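Only one structure is covered here, and it is reproduced in the block below.
The values are calculated or read from the model by the stated rules, or taken from the named source; none is laboratory data. What you are looking at is a predicted structure, and each value in this text was computed from that prediction instead of being measured. Neighbour counts are summed over all protein chains in view; Cβ atoms, including those assigned to glycine, are modelled from backbone coordinates with ideal geometry. All accessible areas refer to the heavy atoms of the entire protein, side chains included, with ligands and DNA or RNA removed. Shrake-Rupley method; radii C 1.70, N 1.55, O 1.52, S 1.80 Å.
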Amino acid sequence: MLDLDQGVPRPLPATNADTQAYWTGGERGELLIFRCADCEYYVHPPVAFCPKCESRKVAPSPTSGKGVITSFTVNHKQWLPSLKVPYVVALVSIAEQEDVRLVSNIVHCEVDAVYIGMPVKVLFEHNEDLWVPLFEPDVAL
């Protein structure tokens, strides 16, 4: 978990009943993704029903926090003074279900070392009452 002494480096998301678990699971070190109790399909972005089987039995479920970069871009524009450039914005497919893709930043890695197919693992940036999921290279493979 990253604690930043310099204040909030990025705008924080608005949360609601469906998204709250995703943005707060990091307090316990958990990447929580909604999952259907009937067919076990992961649902993201989180909604109160399963798009696969139409069940209403969906709830946040812990994942391994591991994934693979499926796409990325390197941002060179400093949109906020607290964000250092360049930085990587990536789509990360979670290990449990390839079609669940999270938009996140890749950290603890040189920008030029990021590649499609790179294994990554989650870590969390604590800001106010939220824990923003970020990803870093998973070298333990």
remark   = With +1 on the Cβ of every Lys and Arg and -1 on the Cβ of every Asp and Glu, the dipole magnitude of the chain about its Cα centre, in debye rounded to the nearest 20, is 260 debye
message = I need the shape label for segment 59-141. Rule: rounded when a/c is under 1.5, else prolate if a/b > b/c, else oblate, with a, b, c from the alpha carbon gyration tensor.
response = oblate
note = Taking Cα pairs closer than 8 Å and at least 6 residues apart, the relative contact order of the chain in percent is 25 percent
key: Listed peptides 95-101, 14-20 by packing density, highest first (mean Cβ within 10 Å)   = 95-101, 14-20
ask   = When we measure straight from the Cα of Lys66, which lysines land under 17 angstrom away, once same-chain ones fewer than 8 places off are left out?
value = Lys121
query = Per the 1.4 Å probe, what fraction of the accessible area of the chain, in percent, lies on carbon and sulfur atoms?
reply = 53 percent
request  = Mind jotting down a quarter of the surface of the convex hull over the alpha carbons of the chain, in square nanometres, one decimal?
outcome  = 8.7 nm²
key: Selected from Trp23, Trp131, Trp79 as most flexible by GNM, with the chain as the system and alpha-carbon contacts under 10 Å   = Trp79
remark   = Quick tally, 1.4 Å probe accessible area for Tyr22, Tyr41, sorted with the most first, runs Tyr41, Tyr22
ask   = Just the accessible area per residue of segment 27-141, please: how many Å² with a 1.4 Å probe?
value = 56 Å²
